[in-house]
1. Answer with a single label: of (i) 25, 15, 15; (ii) 17, 16, 14; (iii) 33, 15, 11, which was calculated as semi-axes √(5λ) of the Cα gyration tensor in Å from the structure in view?
2. Would you please give the residues with an amide H less than 5 Å from that of V69, counting only those at least 5 places away or on a separate chain, with H modeled from the backbone geometry?
3. Provide, for region 9-74, the number of lysine pairs with alpha carbons under 18 Å apart, each pair being eight or more places apart or on different chains.
4. Assign unit charges at the C-beta atoms only (+1 for Lys and Arg, -1 for Asp and Glu), then state the dipole size of the chain relative to its Cα centre in Debye, rounded to the nearest 20.
5. In a Gaussian network model over the chain where Cα atoms closer than 10 Å are linked, find which of R52, R94, R81 has the largest mean-square fluctuation.
Amino acid sequence: MEKIRKGDSVVVIAGSDEGKKGEVIQVLKAKNSVIVKGIKMVKKSVKKSKERPTGGFTEIEAPINGSNVMIFCSKCNKGVRVGIKVSDKGEKIRVCKKCDHKFE
């Protein structure tokens with residue numbers, strides 16, 4: 001789960017939104033979940049307020065289990081597993097297991 005970070009491009013590999021791609025908005029480490037932009041949209045009721053004088057419903061993204069998403073490699077053009085390599089400077093770098101593409 002620590003290999004997926006905010007801003008990563010991911011592809012959903014299981015569930016009702018299988019095959020869809022999106023960007024990670026938030027990582028919830030305690031729940032082992034991620035929130036992906038435009039994926040698993042749910043309707044939520046909203047109370048009346050100054051911003052919404054009528055109240056009503058709004059659509060928001062719900063969390064997805066981290067095991068149901070894979071990081072999308074633009075070089076391989078599919079979801080891939082991620083490995084960690086140590087650079088000469090001692091930095092840990094996330095890389096694609098198939099093509100050694102570096103994820104920034």
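Rule-based calculations on the coordinates, nothing more; no lab input. No experiment lies behind these values; they were computed from the predicted model shown. All Cβ positions, glycine included, derive from the backbone under ideal geometry; neighbour counts span all protein chains shown.
1. Read-out from the structure maps to (iii).
2. So V69 has HN proximity to I13.
3. On the way: K20/K37; K20/K40; K21/K37; K21/K40; K29/K37; K31/K40.
Lysine pairs satisfying the spacing and distance rule in region 9-74 number 6.
4. Details: 25 positive and 12 negative charges, 36 e Å.
Rounded to the nearest 20 debye, it is 180 debye.
5. R52
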